[in-house]
Amino acid sequence: MSEKKRRAGASAAGAASSSKKPRASSAASYAESLRSKLRPDSSILATLRSLASASASKSKAAAKSLADHDPSADPASSYIVVADQDSTSVTSRINRLVLAAARSILSGRGFSFAVPSRAASNQVYLPDLDRIVLVRRESARPFANVATARKATITARVLSLVHAVLGRGIHVTKRDLFYTDVKLFGDQSQSDAVLDDVSCMLGCTRSSLHVVASEKGVVVGRLVFADDGDRIDCTRMGVGGKAIPPNVDRVSGIESDALFILLVEKDAAFMRLAEDRFYNRFPCIILTAKGQPDVATRLFLRRLKVELKLPVLALVDSDPYGLKILSVYMCGSKNMSYDSANLTTPDIKWLGVRPSDLDKYRVPEQCRLPMTDHDIKVGKELLEEDFVKQNEGWVKELETMLRTKQKAEIQALSSFGFQYLTEVYLPLKLQEQDWI
């Protein structure tokens, strides 16, 4: 074979080889071409102002309580509703419980606590309220029973500790509570579970007990508030943001000129948005719980939504767990269904990253991950949830995910450039009002 033919053959082979793997390069070219579709920021801001105005109008008429629910539409006609209470009210309720127990002991009957059952079968989703609530069913927790003696002892101990904390007018963490009697509690999950039982028994929110979780969530952006009297400007909090106070009841004087709230699943995406000062280009408040939402972040988000009447847009991973996290913010968790009225923020719009975005934005194959058997199982379980069935858009996206058996993290967009999320993806989403 002549040298000329050999070169021609090598050239053809090279062309064939490159034609087999244009995915990354062609995807990058397409991703960059989307930048040209962006209209001026003033146009996108006009869209956001319309969204904020519509959200404010809707918020005035959207507030719903269990009083609005028609019990005849559901076999359970009574649900547990807890509310914020001051220290005096909670202390009085504890005193009444203890006096009732003392009278029972003196009469020779021993003592027993009537504890609302938080079993899965008692947690139901109410479509007209769009949240999970707890059916009112109680079970006895007697001390004079081998099966429940330890749990009754832990309950009495937690009531005693909460009474002491309220008397001092201080707040403690759940970890502090656990370490007051490690041998009795055995594991923090034991004291945490009983703490929730005590909230149900007393009819108050967990924050009313003055027992809080450690700081986890952070916030940054166009928000000013007072934290126990100290003025906090969240535009001056750097890349790390301001830690969301664990005792949200001490937050006051909330002010903002934001047009929306951006709820982010992960810390990495939060840091990119904060470093790029995304909130200055598109006035917003950005917050994250760094994964699974904690109580303080859920309370803080609801507080912002109620007081500022702003729309909430969510940015989560394109996997079943991202959607589960979003559903906890919107409908509540089964573990704390008794306090869903205070912890849920309805009408959060799913901005991204959605399963349909993977093809729409041509995310390269090497940046997508195959779903595991467990992922698929969780996805199928989500499809059976009532709150998912209520939203046709969610159902379609989940079906797409399960059909392709692919998932992706928010960071997959970094394959087009580290700032692609803030410079192209999110602006284009906002421009096209591409949310569910």
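The values are calculated or read from the model by the stated rules, or taken from the named source; none is laboratory data. Bear in mind the structure is a predicted one, so any value in this text is a computation, not a measurement. FYI the Cβ positions are ideal-geometry reconstructions off the backbone, even for glycines, and counts take in every protein chain you see. Only protein heavy atoms, including side chains, enter the accessible area calculation; ligands, DNA and RNA are left aside. Shrake-Rupley method; radii C 1.70, N 1.55, O 1.52, S 1.80 Å.
Taking every protein chain into account, the 1.4 Å probe leaves E307 with about 90 Å² of accessible area, to the nearest ten.
Peptides 88-101, 393-406, 34-47, 191-204 ordered by packing proxy, namely the average of other Cβ atoms within 10 Å per residue, highest first: 191-204, 393-406, 88-101, 34-47. Between N95 and D128, the FRET efficiency estimated from the beta carbon spacing at R0 = 51 angstrom works out to 0.85.
Other residues within the sphere of radius under 15 Å centred on the Cβ of R93, judged by their own Cβ, net out at -1 (K and R +1, D and E -1).
Counting only alpha carbon atoms, the long axis of helix 392-404 and the longest principal axis of the chain meet at about 60°. Ignoring aspartates and glutamates fewer than eight residues from K242 along the same chain, the ones with Cα atoms less than 13 angstrom from its Cα are E215, D227, D230, D233, D267. In the chain, the calculated helix contribution to ellipticity at 222 nm averages -14000 deg cm²/dmol per residue, counting -39,500 (n - 2.57) for every DSSP H run with n ≥ 4. The value of relative contact order for the chain, using C-alpha pairs under 8 Å at least six residues apart, is 17 percent. The local environment of A144, defined by Cβ-Cβ distances under 15 Å, has a net charge of +4 under the rule Lys, Arg +1 and Asp, Glu -1. Cα centroids of the range 89-137 and the range 207-257: 32 Å apart. Using the average count of surrounding beta-carbon atoms within 10 Å as a protection proxy, the listed peptides 297-304, 235-242 rank, highest first, as 297-304, 235-242. Checking the cross-link pairs K360/K389; K324/K360; K407/K429; K349/K407; K396/K429; K305/K360 against a 28 Å limit on the alpha carbon distance flags K305/K360 as lying beyond it. If you average the alpha carbon positions of the range 362-381 and of the range 33-51, how far apart do those two centres end up, in angstrom? Answer, in whole Å: 31. Report, to the nearest 10°, how far helix 41-62 tilts away from the longest principal axis of the Cα atoms in the chain, using its own Cα long axis and a range of 0 to 90°. Once rounded, one gets 30 degrees. With bins 5 Å wide beginning at 0, the percent of Cα pairs of the range 215-432 falling in each bin runs 1, 7, 15, 19, 20, 16, 12, 7, 3, 1, 0. With a cut-off of 10 Å between beta carbons, the residues surrounding L34 carry a summed charge of +3, where Lys and Arg count +1 and Asp and Glu -1. Among rounded, prolate and oblate, which fits the range 83-212 when a ≥ b ≥ c are the square roots of the eigenvalues of its C-alpha gyration tensor, a/c under 1.5 means rounded, and a/b larger than b/c means prolate? Cα axes put the range 83-212 in the rounded bin.
In summary, the aspartates and glutamates within cross-link reach of K309, defined as a Cα separation below 12 angstrom excluding same-chain residues under 8 places away, comprise E255, D257, D347. Under a Gaussian network description of the chain, with springs only between Cα atoms under 10 Å, the residue in K380, K290, K305 that fluctuates furthest is K380. Once the Cα atoms of helix 3-20 and of the chain are each reduced to a long axis, what angle between those two axes, in degrees from 0 to 90 to the nearest 10, is obtained? Around 30 degrees separate the two axes. Packing here is the average count of other Cβ atoms within 10 Å per residue, and on that basis the peptides 373-379, 259-265, highest first, run 259-265, 373-379. When both bridge partners sit in the chain, DSSP labels roughly 65% of those beta bridges antiparallel.
Each principal axis of the Cα cloud of the chain was taken in turn, and the coordinate range along them, longest first, works out to 109, 48, 46 Å.
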